[in-house]
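Beneath this line is the structure, given in structure tokens, with notes to follow.
The values are calculated or read from the model by the stated rules, or taken from the named source; none is laboratory data. Keep in mind the model is a prediction, meaning the values are calculated, not measured. Quick reminder, even Gly has a Cβ in these numbers, built from the backbone with ideal geometry, and neighbours come from all protein chains shown.
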Amino acid sequence: MITQPVFYAAAIPAVTLMGLAKGGFSGIGLLALPLMALVVSPVQSAAIMLPILIVQDVVTVFAYRHSWDRRNVAILVPSAILGIVAGYLLAAWVSDAAVRIAVGTVSVAFALRRLVVERRTRAPAPAPADVPRGLVWGWIMGFTSMIAHAGGPPFQIYVMPQRLPRDIFVGTGAVSFALVNWLKVPAYIALGQFSPENLATAVALFPVAVLSTWLGVLLVRRVSGERFYTIVYCLLVLVGLKLLWDGAAALVG
């Protein structure tokens, strides 16, 4: 297990951010891995974070067990499996930086467009959970989650136009990513990323993971449904800009 205090000075805030994201404030969890990568390698950060994500998924799935959309999960997860397989097979050839720039660009453009449209005009009619779009965004969700731990924005881009009730939106994401994270485990094992040190470190952070996720659930349920969507769109802009920054910095470096 990692014992250096400087690691936990970065890891505890990172896990807390991920817990708040899992609780419903989608997007801010993408700040967690860059924060942990300040003190350990990005690969080790990802390996430590995956068991933590799985534990946090248990909390959110339990909290929203009666509030999730089965049709969306049935559309997204099978195509996400194909995306995970593609991400595993192409990991050596696909640039993490390029993926972050692409996802960041689409996220910012989508969120800004929705914010401007909904501010200037009446909110558009909810879009249905259609299969063709769902299969495409589900594949992208699985691929970006495997390559760059950036599966959240593709999920949001597909689901948010449906204008699901707040709890249904959060619960659908919770169930979808709980399944996706378990599906990533064999790939991480095959890549040799689950060392005893990494697993023991993840276990030491489990209490922070559980408490922060419950905090996220409680805070989200205090926010009205309409305001919740505005907050998530704004977070998506910030996350998209962060992905663009990280991708550009990696290319320049």
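For Ser212, indicate whether it is touching a residue at least 12 places away in the same chain (Cβ under 8 Å) and buried (at least 20 other Cβ atoms within 10 Å of the Cβ). Answer is yes for this residue.
Inspect region 58-69 for any residue being out of contact with any helix residue (DSSP H, G or I) (no Cβ under 8 Å at 6 or more places or on another chain), closer than 28 Å to Ala10 by Cβ and hydroxyl-bearing (Ser, Thr, Tyr) and give the result as yes or no. No, region 58-69 has no match at all. For region 160-238, which fully contained helices (runs of 4 or more DSSP H) count at least 1 residues that are over 17 Å from the mean Cα position of the chain (by Cα) and over 19 Å from Met18 (Cα atoms)? Here the list reads 166-190, 196-204. From the list Ala11, Ala74, Ala47, Ala80, the one residue that fits, being surrounded by fewer than 16 Cβ atoms within 10 Å (Cβ to Cβ) and of a type outside the set (Ser, Thr, Tyr), is Ala74. Suppose the filter is aromatic (Phe, Trp, Tyr) and modelled with pLDDT of 85 or more; does Tyr158 pass it? In short, yes. Against the criterion of being under 23 Å from Val185 (Cα atoms), not hydrophobic (A, V, I, L, M, F, W, C) and not in a helix (DSSP H, G or I), Ser45 does not qualify. Please verify whether region 93-100 includes one or more residues that are modelled with pLDDT under 90, in a loop (DSSP other than H, G, I, E, B), under 17 Å from Thr144 (Cα atoms) and among the aliphatic types (A, V, I, L, M). Yes; the residues of region 93-100 include at least one that is modelled with pLDDT under 90, in a loop (DSSP other than H, G, I, E, B), under 17 Å from Thr144 (Cα atoms) and among the aliphatic types (A, V, I, L, M). Annotation note: of Arg71, Arg65, the sole residue that is modelled with pLDDT of 85 or more, out of contact with any Pro (no Cβ under 8 Å at 6 or more places or on another chain) and part of a loop (DSSP other than H, G, I, E, B) is Arg65. All conditions in (1) under 27 Å from Ile147 (Cα atoms); (2) surrounded by 12 or more Cβ atoms within 10 Å (Cβ to Cβ) hold for Pro196, with the sole exception of (2). Of all the numbered requirements in (1) out of contact with any helix residue (DSSP H, G or I) (no Cβ under 7 Å at 6 or more places or on another chain); (2) of a type outside the set (S, T, N, Q); (3) touching a residue at least 60 places away in the same chain (Cβ under 8 Å), Val220 misses one, and that requirement is (1). Pro186 meets all of the listed conditions (1) without any contact (Cβ under 8 Å) to a residue 12 or more places away in the chain; (2) within 20 Å of Arg100 (Cβ to Cβ) but one, namely (2). Considering Ala111, Ala127, the condition of being in a helix (DSSP H, G or I) and either out of contact with any Gly (no Cβ under 7 Å at 6 or more places or on another chain) or modelled with pLDDT under 85 (or both) is satisfied by Ala111 alone. Beta carbons closer than 7 Å, at least 6 apart along the sequence or on distinct chains, pair a first residue in region 169-181 that is within 14 Å of Ala80 (Cβ to Cβ) with a second that is of a type in the set (Ser, Thr, Tyr) and part of a helix (DSSP H, G or I) for Val180/Ser145.
Pairs are defined by a Cβ separation below 8 Å, a sequence spacing of at least 6 or placement on different chains, a first member in region 1-29 that is under 17 Å from Met160 (Cβ atoms) and of a type outside the set (Ser, Thr, Tyr), and a second member that is at pLDDT 85 or above and surrounded by fewer than 17 Cβ atoms within 10 Å (Cβ to Cβ); the pairs so defined are Gly24/Leu219; Phe25/Leu219.
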